[in-house]
Amino acid sequence: MKLATYKNGSRDGKLVVVSRDLSNCVTVTSIAPTLQFALDNWSETSPKLESVYSALNEGKASDIFEFEQTLCMSPLPRAYQWADGSAYVNHVELVRKARGAELPESFWTDPLMYQGGSDSFIGPRDDIPLGSESWGIDFEAEIAVITDDMPMGSSPEQAADHIKLLMLVNDVSLRGLIPGELAKGFGFFQSKPSSAFSPVAVTPDELGSDWKGGKVHLPLLSTLNGELFGKPDAEVDMTFDFPTIVSHAAKTRPIGAGTIVGSGTVSNKLDGGPGKHVSDGGKGYSCIAEIRMIETINSGAPQTSFMKFGDRISIEMQDKDGLSIFGRIDQEVVEYKGA
């Protein structure tokens, strides 16, 4: 099943069911006015939504209309919780290596996670407004899952049953602000502005055999200013699968319906070492910071600049037939002029 949230002038939009090929959709406000409502009542709403989805794909649903990704908000325009993990330890290792720091052994067994702002997600085709290029503007291409209600202390096996939907993420990061914030010892805040999620959220079964072992077995494509920047395989070098990081989030607290848990930046190694740019035959990168780290390691200083006003980032995942699964995040960085 594929679900999206259309803009309708309200803060939370309206829920639509989207066809498998992303061509058409149906409004389902009589079943669930919003995605959060659907998740709050998942056992009752999901069978009804699945029925509409089947009818839509067969061309038998009522009031079918063309699906427009430009009209989408993030599937959850705001959420009770957005917890971003760092399941790809290769990415963390590179970050630390670039600044001459050793990677603690515990990072391979105990997932990293931070709690991000979740009250103002950006739409997948909306501009990214920011105050200064000096902040070190970066994208981070990730995968995320959405859960229903989950008890505290749930094991990874139990957590797997609570993963209801998957999305893609652009976790916007301000690299120039991160060091100062982390130096305070209290974590990210200003350095992590509003994130954006893919136009469509999908149930795991939509991925078929490409959802296996709690991982997505497909490349994640990032295109920066029209040029392919990264195509890492999402299952490769994923140290912690989704059930593990969702279980980690629930260690000391229950998880409420509509909680979003991110994978962190998707990152691949190459022959046991740092990855290479796509143009050099590698899988490329899911953020600018990673290529800057590798440039620093190799030559002592980064050469690639962070994003400027007017730059555009696109993030997408295609199935083995080349068809888009989640729709496309496609955003331009613009200067924020004030309210």
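The values are calculated or read from the model by the stated rules, or taken from the named source; none is laboratory data. Note that the structure is predicted; figures quoted are calculated from it, not measured. Counting neighbours? That spans all protein chains shown, and the Cβs are built from the backbone with ideal geometry, glycine included. Surface areas here come from the heavy atoms of the whole protein model, side chains and all, with no ligands, DNA or RNA. Shrake-Rupley method; radii C 1.70, N 1.55, O 1.52, S 1.80 Å.
Per-residue ellipticity at 222 nm, computed for the chain from helices alone with -39500 (n - 2.57) per DSSP H run of at least four residues, works out to -5000 deg cm²/dmol. To the nearest Å, what is the center-to-center distance of segment 301-324 and segment 243-298, using C-alpha atoms only? If we compute the Cα centre of each part, the gap is 14 Å.
Principal-axis analysis of the Cα atoms of the chain puts helix 42-57 at an angle of about 80° to the longest axis.
The apolar share of the surface of segment 26-67, taken as the fraction of accessible area on carbon and sulfur atoms (1.4 Å probe, ligands and nucleic acids excluded), comes to 48 percent. Checking every one of the trypsin sites (Lys or Arg not before Pro) in segment 295-339 against DSSP loop status and a limit of 14 other Cβ atoms within 10 Å picks out 308, 320, 337. Here are some pairs, 14/60; 60/164; 2/276; 212/251; 192/308; which of them have Cα atoms lying more than 28 Å apart in this structure? Beyond 28 Å: 2/276.
Heavy-atom surface analysis with a 1.4 Å probe gives segment 95-138 a carbon and sulfur content of 47 percent of its accessible area.
Given Cα pairs under 8 Å that are at least 6 residues apart, what percent is the relative contact order of segment 145-273?
Numbers: 200 pairs, mean separation 47.0, N = 129.
The value is 36 percent.
Over the chain, what relative contact order in percent results from Cα pairs under 8 Å that are six or more residues apart?
Working: 828 pairs, mean separation 75.7, N = 339.
Reported relative contact order: 22 percent.
Summary of the geometry: segment 136-211 and segment 31-45, compared by the centres of their Cα atoms, lie 21 Å apart. Using only the C-alpha atoms, the convex hull of segment 268-339 corresponds to 142 Å³ per residue. Over segment 150-257, what lengths in whole Å, largest first, do the semi-axes of the equivalent ellipsoid take, defined as the square roots of 5 times the eigenvalues of the alpha-carbon gyration tensor? Value: 25, 23, 13 Å, ordered largest first.
Per residue, how much accessible surface does the chain expose to a 1.4 Å probe? Answer in Å², no decimals.
43 Å²
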